[in-house]
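This report refers to the structure that appears directly beneath it.
Derivation of every value follows stated rules applied to the coordinates shown; laboratory data play no part. Here the structure is a predicted model, which is why all the values come from computation and not from measurement. Note that we place each Cβ from the backbone using ideal geometry, even for glycine, and neighbour counts take in every protein chain shown.
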Amino acid sequence: MLEIKNLHVEIDGKKILNGLNLTVKAGEVAAIMGPNGSGKSTLSYVISGKEDYTVTEGEILLDGVNILEMEPHERAHAGLFLAFQYPLEIPGVATMTFLKAALNAQAKSRGEDELSPGEFMKKVREAAGKLGINPDMLKRPLNVGFSGGEKKRMEILQMALLGPKMAILDETDSGLDIDALRIVAEGVNAHRDPNHAFLVITHYQRLLDHIRPDTVHVMAKGQIVRTGGPEIALELEERGYAEYLGNAA
């Protein structure tokens, strides 16, 4: 599904990722944990195609295709989705207009017809109901005036509607209370199947109580320094990251 080979990344001449290697298989939920400054969010930005980052070496393959040669919208059409740590407010853009444009752009990229208004409304209402999203939120500008939890639910709603093959959640648990965390996790778990994969980036084990990973990767100084099962998250919760900070070259 997703394969990253020897990835080196800089921003403003400062090296952030140092030969990172990572594989996420179809159907897998992989978690990346690491301290602040380890490069976790940079990795998510580079995969999704955010500007300002310079890839000096390496490849990012999605189903065998190097997406570094694609524009961000082309990566999205190929099946990539990024849920941001801090979703942006977009005044003047109605939430429903945004969702409809995203769904129709995806349909167009596949050579499919656009959804009819009735089909679109039914699809959104069903997905929003499962995530506990108040219908009034859908009538407002995108994320404007939303709480942190509401913004994260809106990100998961977008994911549910678009059905990406590879979804990246960049610290989705940041700022969530336990109820919002549970609802967001349920939205993710509902889409776990052999044809989809998730890369969950987090500092804390608590998210992984709700989204149980198949694999946990520890990241430090721009590299993956350890890979194993869910038990690693429990170790990190108890011991912290100090022992890994000296291991990355």
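The helix-only estimate of mean residue ellipticity at 222 nm for the chain, built from DSSP H runs of length n ≥ 4 each weighted as -39500 (n - 2.57), is -10500 deg cm²/dmol after division by the residue total. Averaging Cα coordinates gives a centre for the range 75-113 and one for the range 203-226; these two points are 27 Å apart. For V93, the residues 5 or more places off, or on other chains, whose built amide H falls under 5 Å of its own are L142. The protection proxy used here, the mean number of other Cβ atoms lying within 10 Å of each residue, ranks peptides 85-93, 231-239, 216-224 as follows, highest first: 216-224, 231-239, 85-93. Would any residue of the range 19-59 have its amide N under 19 Å from a label point 7 Å out along Cα→Cβ of F98? List them or say none. So the set is 45, 48-51. Legend: residue pairs K14/K50; K50/K130; K151/K221; K108/K130; K122/K151, Cα-Cα distance threshold 19 Å; pairs beyond threshold, K50/K130; K151/K221; K108/K130; K122/K151. Listed by chain and number, the aspartates and glutamates whose C-alpha is less than 12 Å from the C-alpha of K15, apart from same-chain residues fewer than 8 away, are E57. Label sites at I11 and I90, each approximated as a point 7 angstrom past Cα along Cα to Cβ, lie 2.1 nm apart. Amide H contacts of A197 (H built 1.01 Å from N, in plane; Pro and chain starts excluded): G27, M166, A167 sit under 5 Å, all sequence-distant by 5 or more or on other chains.
Ordered by the count of other Cβ atoms within 10 Å of each Cβ, fewest first, D177, D63 give D177, D63. Note: relative contact order over the chain, using C-alpha pairs below 8 Å and six or more positions apart, is 29 percent.
By its C-alpha gyration tensor, with a ≥ b ≥ c as the square roots of the eigenvalues, how is the range 40-137 shaped: rounded for a/c under 1.5, else prolate for a/b larger than b/c, else oblate? In terms of gyration-tensor shape, prolate.
Counting neighbouring Cβ atoms within 10 Å and putting the fewest first, the residues R75, R206 line up as R206, R75.
The packing ranking, built from the mean of other Cβ atoms within 10 Å per residue, places the peptides 152-163, 101-112 in the order 152-163, 101-112, highest first. In terms of surrounding Cβ atoms within a 10 Å radius of their Cβ, S38, S174 rank from fewest to most as S174, S38.
Classify the range 1-44: rounded, prolate or oblate, from the alpha-carbon gyration tensor (a ≥ b ≥ c, eigenvalue square roots; a/c under 1.5 rounded; otherwise prolate if a/b is larger than b/c)?
Judged from the Cα gyration tensor, the range 1-44 comes out oblate (a/c at least 1.5, b/c at or above a/b).
A simple rule links phi to the HN-Hα coupling: the Karplus curve 6.51 cos²θ - 1.76 cosθ + 1.60 with θ = phi - 60°, which for the range 183-190 gives 5, 4, 4, 4, x, 5, 4, 5 Hz, with x for Gly and Pro. Taking square-rooted eigenvalues a ≥ b ≥ c of the alpha carbon gyration tensor, is the range 140-221 rounded, prolate or oblate, where a/c under 1.5 means rounded and, failing that, a/b exceeding b/c means prolate? Oblate shape, in that a/c is at least 1.5 and b/c is the bigger or equal ratio.
In terms of the mean number of neighbouring beta-carbon atoms within 10 Å, the peptides 45-52, 166-173, 130-137 order highest first as 166-173, 45-52, 130-137.
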